Structure formats: structure tokens, C-alpha cells
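Nothing in this text is a laboratory measurement; each read-out follows from the coordinates by a stated rule. Since the structure is predicted, the reported quantities are computational estimates derived from the model, not experimental observations. Cβ: placed from backbone, ideal geometry, glycine included. Neighbour counts: every protein chain shown.
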Amino acid sequence: MHTRFPNKFLPYILLSPSIVIVLIFFVVPSLQSIQQSVYRSNISGTRQIFVGLRNYEQLFSTPEYLNSLQVTALFALFVVGVGLALSLFIALVANQRYAGFTIYRTLLIWPYALSPNIAGVIWGLMLEPTIGMLTNAVGFVGIHLNWRGDAASALLFIAMAATWKMLGYNIIFFLAGIQGLPREILEASEVDGANQWTKFWKITFPLLSPTTFFLFIMNTLYAFFEGFGLIHVTTSGGPGYATDLMVYKLYRDGFIAMNTGFAAAQSVVLLLIVASLTFLQFRYAGRHVYYGG
Amino acid sequence: MLASKSISHSQVVIQRLVSRVTSHAVLIFASIIIGLPFFWMISTSFKSDVEVGLFPPVWIPAELLWENYARVWTAAPFEMFYINSVITTLAGLILEVIIGAMSAYAFARIEFPHRDALFLVVLATMMIPGEMALVPNYLTLRNLGWINTYQGIVIPYVSSAFGCFLLRQAFLSIPQDLFDAARMDGAGHLRMLVGIALPMVRPVVATFALFLFIAKWNAYLWPLIVTNTWNMRTLPIGLMMVREAEGTLGWQHVMAASLLVLLPVLVVFFLAQRQIIEGIARGAVKG
């Protein structure tokens, strides 16, 4: 039992810097964004007009925003789906306990320290339409990639760069998760004669669900929010609007087009996405995910 | 009976060997997939204009052209970018650690009304995406006259629920006896915070500081929004200047510039990787 020495003013003095900053730069502006999302400026920008949910109605009937939603969904699907599948596969095959493991860990995880815009520049070169090493390599099998001119190539390009940056992080987590599984159960299944495939789906995968679920949330948040620098330094949302992720569109509407009401409505949509992911995390993690014991 | 046992034994040995070799092979393959783009980046940064465009690709340039780096350094105000990045990263990091430690100590070690409710509010702010505050924050900074200033880049981001949470956990794990003893010696809370709490949780503080270093060094969206002249830009955004000069500068220059941007963070990462990987493994860190 902790006995903490009570004090009347000190706690508030200690808390005041955080509280002041969080209020001024986080809580109040977030509330302002919610308020802004139901207002619209007149043309000269001098007066705010209450428009109810019309910013949202407009948002979900604008082709550019719907496109941005679709692009973000595809991007997230790739980053989460391909990223997790690939790293789980690598972790499963590589699952061994040996001395050299820490070296691999270093070799795998370093891109974690990279900013997404550097990942963008590196992959921009790898997939450069004319001289890119990877472009030329896949050119041999008849696949022509051109992220500067072709929408699908561009989306593939940013998705690959983003997935690459998270790959090592995911592998490390899966390896740690697999190595933490109860050995008796895995060995018992082998005695029962289960083949690798059945063993994976019936035993390893369900036991691994806390790790998978944690990585699912992390990668989804990453896909929704960390793509900005990657896009800004390479495709600028193009060609056309092919890589116009939601964060990038928010930036364009808020700071380039100066359409604050519209941008505010978009930020509320992002809030809803994060809130529902967090909700899911608490609910699902609490009830359905198996935690070894 | 004996024979079959020895067969199965050697089978097991072979099986183990095969799986060990596969394991190494897969990990080496994965390391190459992850490392190759980086190697390619370094290699390209030393190439000549001709070598950059050759196919089959040139893995190691015939001559290491250091002048690519010199060219980039003069093509954009890189000294300014470096100074700006170092100042904003370090100032932000130090302030965030101090502010985080103060609030964490209050939550962990002092009794006051509504403490737990207030802590829940702090945790709840973790659910709000920072993007929500972008536009209003920009307007606040404009009113304060902080656009294009260091404090404008740093201050809005020096308080994090994450740091408060992390340090509170650490402070809670310190045995109460230490504080009781200090109390007997007449120490107040401030002396306990500086003299006992912080030194006791030094590894956690170090891990926190390392993550802050990486996050602040790599910060992109906010510094882009609040700065509007090149002499106030930080390194990641400065890279954009090199990208925009695509007509006169080639990929070798872009790669040299990128390496200049990420070198400090990579050096820190490799020097402190143990602590960083443990921090990641604790699962306490946002992707």
C-alpha cells in the first residue's frame, strides 16, 4: 500500500504545464474543429454561418473525398494485409532460439527509425519509371510500373514503401509472440499428428491473436496517419488524385484551399476512425483474444 | 525397437538441422529485403550521373563521388536545416521529459482530490488524433505571432499523455521505503522527484527520450505548416527543396541529401538500439 504524502497546491503546480499545453494546443482546438465542422465562412471570410451537417453531406457527396476514402482504404488494406501476412510468414519460418538472433533483430528493425518521407524517397528511386532497379526487374516479366503517370503503380509504390518501413517491426513482434507460446501445447499437437497447416490454423494462429490484434491496430493507425510525409515528398497525391490519402487531403483543404469548415469535418471523420479502433481494441482485446496463461 | 529408435533420433537431428538452416535463410532473406533499398540509397549517393541511369544496375560506383554531398550542401541551406532540427528536437525533447516527469510524479506519488479521474482524462486524450488540432493550432500560433519561430514548432507538442503514462508507471514501481526515508530526512516532494524518483527510473527516462528524439527529428506535417521560409525549415522538409530542384539535381543528390537527413537518427538508433528495441517490445510505443 502506497502512502502518498498529501499536498494542497504542489500537485497542481506540477501538473500545470501539461494541463495548460494540452488545453491550449489539443483539447480546445479539437473542440474548435468539431464546432468548425458545422460552420462555413462566407466568401470574404468575415462571417461564420451555421450550416448544420451540410459540410458532412457535401463531404460524402464530393467525388474527391470519396476517392480519398477509397485510396486510403486500399492503402491500409495493403499495409495491414500484406504487411502482417508477410511478417507472420517470415516469423513462423524463422522461429528458432539461437545466439545470432539479436543481430537479425537489428538488421530487421532499423527502418523503424526512418521517417516516412525518407522511405518514400528510397522507394521512389527503386521504382523510378525509367531507371528504377525494381521497375526494370519486374519489367522482365512484363509488368510495367510507372508511379509518375499510372494511378495503380503510384498507389502500389506508396503502399510498398509504407509496408517496408513497418515490416521489421511486425516481424519482431510476431517472433516475440511465437516464442512466448506455451511449448507443451505445440508439442502435444505434433504428437497428435497434426500437419503444419492444421497446426497453424487450429493452434498457433489463435494463440497468437493478442499479438496479431495489437499489430493490426498499430498498422491501421500507421496507415491512416503516417502517410503524409511519404506522399508530400514523392507523388503529392498524384498522378491525378491516385495517392490522395485522407491526411493529405485534409492538409490540402485546410492549408492550401483554406476551406476550414471542410477540413474540420474531415478531421472529425478521422477522430471517429481512431475512436472506433480504440473502442474495438478495448472490447475485442478484453473478450475474444486469447491471452496465454 | 532399438533400431527404429535410432532412426527416429537421426531423423529428428536432420529435421532440426533443416529447420535451423531454413530459419537462417529466411531471416537473411528478410534482412536483405529490408536492407537492400538502404544499400541502394548509399550506393546511388556516390554515383555519377551516367551510373545512376545504367541497367543492369551498378552496385558499387567506380569512383566514390563525395562531391555529390558537397553539391547538395551548397544547393540548399543545409547548415540552417541542421541547426533548426537540432534546436527544435533537443528543446522539445528536454521540455517534454521535464513536463512529463512533473505530471507523472504528481499522479504517482502525491495524494490530491480527483487525481484518478484527472489521470483518466489525460489517458483519454490519447484517443484524439493530432490532426484534429492542426487548423485551429495554426490560427492560435498566428495570433501569438509564433509562425515561423522555434517555439511555434516546439511548444504545441511538448506535452504527451504517453510520456505521463510511461513515467507514472515507472514511478509507481519505486519502493515507498525510499520516499519514507527521504521524508524522515526532511525532503520535500521536489527533492524526492529530482533526488529519488528520476534517478531510480533512469532507463525508462532514457528510452522515452530516445523515442522522442526519433519522433521529433522525423516530424514533418507540423513543421511544414508553421514555417514558411527556408531558413526556418527543419531537415526532413529541407529535403523537399532538393526534390523540387529535380531539373538540376539528380537522384544521386537526392540520396545524398536523404542520408544527411537520416544520419543522426540512424547513429542514435544503432548506439542505443538495445534500449529502443526493448522499448518497442514493451509494446508501449505507438507505431
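Is chain A best put as rounded, prolate or oblate by its Cα gyration tensor, with a ≥ b ≥ c the root eigenvalues, rounded for a/c under 1.5, and otherwise prolate when a/b is larger than b/c, oblate when not?
Because a/c hits 1.5 or more and a/b fails to exceed b/c, chain A counts as oblate.
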Quiz prompt | Integer Hz, Karplus 6.51/-1.76/1.60 couplings in order for segment A:111-125, x for Gly and Pro | solution = x, 4, 7, 7, 7, x, 5, 5, 4, x, 5, 4, 6, x, 6
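Is the shape of chain B rounded, prolate or oblate, going by the alpha carbon gyration tensor and its root eigenvalues a ≥ b ≥ c, with a/c under 1.5 for rounded and a/b larger than b/c for prolate? The partial results should precede the final answer.
Values: a/c = 2.56, a/b = 1.12, b/c = 2.28.
Oblate, since a/c reaches 1.5 and b/c is not below a/b.
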Quiz item: Residue by residue through segment A:253-265, which ³J(HN,Hα) values in whole Hz follow from phi under the Karplus form 6.51 cos²θ - 1.76 cosθ + 1.60 (θ = phi - 60°), with glycine and proline marked x?
Solution: 5, x, 10, 9, 7, 6, 9, 5, x, 5, 5, 4, 4
Quiz item: Amide H of A:S41: which non-local residues (sequence gap of 5 or more, or other chain) have their own amide H closer than 5 Å, using H built in the peptide plane?
Solution: A:I49, A:G261
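Can you tell me the length gained on complete extension of the stretch B:I33 to B:L172, counting 0.36 nm per residue apart and subtracting the Cα distance?
Values: separation 139, 0.36 × 139 = 50.04 nm, distance 4.21 nm.
In short, 45.8 nm is gained.
Can you tell me, using C-alpha contacts under 8 Å and at least 6 residues apart, the relative contact order of chain A as a whole percent? It would help to have the intermediate numbers written out before the result.
Working: 333 pairs, mean separation 79.5, N = 293.
Reported relative contact order: 27 percent.
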Quiz item: Under 5 Å between amide H atoms, partner at least 5 residues away or on a different chain: which partners does A:D150 have, H built in plane at 1.01 Å?
Solution: none
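Across the protein assembly as shown, how many lysine pairs, 8 or more apart or on two chains, come within less than 26 Å at their alpha-carbon atoms?
Details: A:K165/A:K249; A:K165/B:K47; A:K165/B:K216; A:K165/B:K286; A:K199/B:K5; A:K249/B:K216; A:K249/B:K286; B:K216/B:K286.
Going through the protein assembly as shown pair by pair, I get 8.
Using 0.36 nm per residue of separation minus the Cα-Cα distance, give me the extension gain between B:V194 and B:W73 in nm, one decimal. Don't skip to the end; give the middle numbers.
Working: separation 121, 0.36 × 121 = 43.56 nm, distance 4.23 nm.
Full extension of this stretch gives 39.3 nm more.
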Exercise. With a point put 7 Å past each Cα toward its Cβ, work out how far B:D116 is from B:A62 in nm, to one decimal.
Key: 7.4
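Relative contact order of segment B:2-66: what whole-number percent is it, with Cα pairs under 8 angstrom and at least 6 residues apart? Before the final figure, lay out each step's value.
Numbers: 23 pairs, mean separation 14.9, N = 65.
Over segment B:2-66, the number comes to 23 percent.
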Quiz item: How many nm is it between the label spots at A:E64 and A:R47, if each spot is 7 Å from the Cα in line with the beta carbon?
Solution: 2.6
Quiz item: Over chain B, what relative contact order in percent results from Cα pairs under 8 Å that are six or more residues apart?
Solution: 29
Self-check item: Computed helical MRE - 222 nm, chain A, DSSP H runs ≥ 4 contributing -39500 (n - 2.57), nearest 500
Solution: -19000 deg cm²/dmol
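With r as the distance between the Cβ atoms of A:A137 and B:D49 and R0 = 30 Å, compute the FRET efficiency 1/(1 + (r/R0)^6) and round to 0.05.
Values: r = 22 Å, r/R0 = 0.74.
For R0 = 30 Å, the calculated efficiency reads 0.85.
What FRET efficiency would be calculated for the residue pair B:E278, A:L181, taking the C-beta separation as r and a Förster radius of 22 Å, to the nearest 0.05? Kindly include the intermediate steps, with their values, before the conclusion.
On the way: r = 21 Å, r/R0 = 0.94.
The calculated FRET efficiency here is 0.60.
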Practice problem: Enumerate the calculated ³J(HN,Hα) couplings along segment A:229-242 in order (Karplus 6.51 cos²θ - 1.76 cosθ + 1.60, θ = phi - 60°), each rounded to whole Hz, writing x wherever the residue is Gly or Pro. | Solution: x, 4, 6, 4, 8, 10, 8, 6, x, x, x, x, 10, 5
Quiz item: Do the sum for chain B: with -39,500 (n - 2.57) for every DSSP H run of n ≥ 4, divided by all residues, what is the mean residue ellipticity at 222 nm, to the nearest 500 deg cm²/dmol?
Solution: -22500 deg cm²/dmol
Quiz item: Between A:F205 and B:M127, what is the label-to-label distance in nm when each label sits 7 Å out along the Cα-to-Cβ direction?
Solution: 3.1
Quiz item: What shape does segment A:144-233 take by its C-alpha gyration tensor, where a ≥ b ≥ c are the square roots of the eigenvalues and a/c under 1.5 counts as rounded, a/b above b/c as prolate, and the rest as oblate?
Solution: prolate
Self-check item: Within segment A:60-86: backbone nitrogen closer than 19 Å to the A:L277 label point (7 Å, Cα to C-beta)
Solution: A:68-86
Exercise. Calculate, for A:V20 and A:M258, the FRET efficiency according to 1/(1 + (r/R0)^6) with r their C-beta to C-beta distance and R0 25 Å; round to the nearest 0.05.
Key: 0.30
